[in-house]
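Heads up: the structure comes next, in structure tokens.
The values are calculated or read from the model by the stated rules, or taken from the named source; none is laboratory data. Computed from a predicted structure; not experimentally measured. Neighbour counts run over all protein chains shown; Cβ positions are idealised from the backbone, glycine included.
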Amino acid sequence: MTPYLGVFLATAGAVLAVTPIVRWLAVKIGAIDRPSDRKVHPKPTPTLGGMGILVGVLVGLAVAYLFPEFRRIFRQTFELQGTVLAAVVITGVGLVDDLRAISAPAKAAGQILAAGVLILTGVELLFFWFPTQGVISLGPDLAVPLTVAWVLLMVNAVNLIDGLDGLAAGIVAIAAAAFFVWVYVEPSSFPESTHTAALLCAVAAGAGLGFLPYNWYPARIFMGDSGSMLLGLLLASATISGVGRTLQPHGGDVAAFAIPVLIPVFVLAVPLIDVAMAVIRRLRRGRPVFAPDKEHIHHQLRQIGHTHSRAVLIMYYWAILLAGSGLAVSFINGRLIVGSILVAALALIAATLVPRRLRERRRARRVAKAAKTLAEAEVGSKPA
């Protein structure tokens, strides 16, 4: 555990130290994110925070190489080196987008390129375990497209929730910490990949927490697409290494929910749900999937009356609750207990959202009724 803690602290410390320099550079070159109709920040704010996060990631992995436990991983596989190369690629794509707003297809092409770098260096899904089929070895025809799809999903999930100050950085830190617990405790047939996944989780959590003090409301700098896509890539690489090498589940009730691929889905449930809702919403309205809007979950929390900071904290709470439920489901035997955990988690989430929504609807009906009564009174008072 000590080496992982050292990497975590080194990453967080590097991001803390470098981000003010990045902010100064962003102001100097005019890399400023200005308010608009689809954005919630009230004043121009420097961007390019992804540069500071990338420096922190590189420092964290360099420190990891100093530990004998991790040096062996660097020499036995190319997964960490591949993740570094992919991180540089996707950060570069994000920087171009932050500075010159590239099109959605061009951004997706850059994300696919980063996913290709991961695959070429050995970071890909190799095995899935299904309760009725047992262990399935994925050939290239399935492994490559599934790996690319997972990278795209993770990258865009984090990118889409980066709509409120501190939201993406905190959610990534929570998700990385929860997945670290799972890969650290869960036995694996591929110890090197387990260590790789845990190490990348430590780096991702450190990068998110190190950036958070500068990104908390009111933010002094934004991570931009360069930062959000980089953090999404780290989570993608970690989950692929942690899940794609697991030959069979251990611990929890297999028939209930202990399917390895569901662990990262639980841990990253909040951004994944937001992505699913955004895609469905835009398809129903005949709009492009990548078209921006202000109807994400965090936007809706603001619209029903929550302050900026409270909306972010509620999202943190949901993420912790779902991640904890996912971990409990994977380690606890018994379908009744597992079902109770899931029901309790969903009930607590609903308790933070539904009552306020109902109050808002009742208030809207009262206002509409009062306006109608006033209009009728005005009509009745006019002389014939």
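Miscellaneous remarks
- Any hit, region 50-58, residues being part of a helix (DSSP H, G or I), surrounded by fewer than 20 Cβ atoms within 10 Å (Cβ to Cβ) and without any contact (Cβ under 8 Å) to a residue 12 or more places away in the chain: no
- Region 164-190, subset over 14 Å from M223 (Cα atoms) and part of a loop (DSSP other than H, G, I, E, B), residue modelled with the lowest pLDDT: S189
- Selection from region 52-69 of residues that are in contact with a Pro (Cβ under 7 Å, 6 or more places away or on another chain) and modelled with pLDDT of 90 or more: F67
- Answer from L153, L125, L160 - the residue that is surrounded by 15 or more Cβ atoms within 10 Å (Cβ to Cβ), at pLDDT below 90 and in contact with a Leu (Cβ under 6 Å, 6 or more places away or on another chain): L125
- The helices (runs of 4 or more DSSP H) found wholly in region 196-299 and carrying at least 1 residues that are within 16 Å of the chain's Cα centre (by Cα), surrounded by 24 or more Cβ atoms within 10 Å (Cβ to Cβ) and at pLDDT below 65 occupy 262-267.
- Top-ranked residue in region 160-184 [being within 13 Å of the chain's Cα centre (by Cα) and among the β-branched types (V, I, T); ranked as farthest from M229 (Cα to Cα)]: I174
- Meets criteria (modelled with pLDDT under 95 and farther than 30 Å from A149 by Cα) for K39: no
- Meets criteria (in contact (Cβ under 8 Å) with a residue 24 or more places away in the chain and surrounded by fewer than 15 Cβ atoms within 10 Å (Cβ to Cβ)) for L66: no
- Candidate set: region 3-31, residues that are more than 30 Å from F70 (Cβ to Cβ) and small (G, A, S); chosen: the one farthest from the chain's Cα centre (by Cα): G30
- Being touching a residue at least 40 places away in the same chain (Cβ under 8 Å), in a helix (DSSP H, G or I) and within 10 Å of the chain's Cα centre (by Cα) is true of A157.
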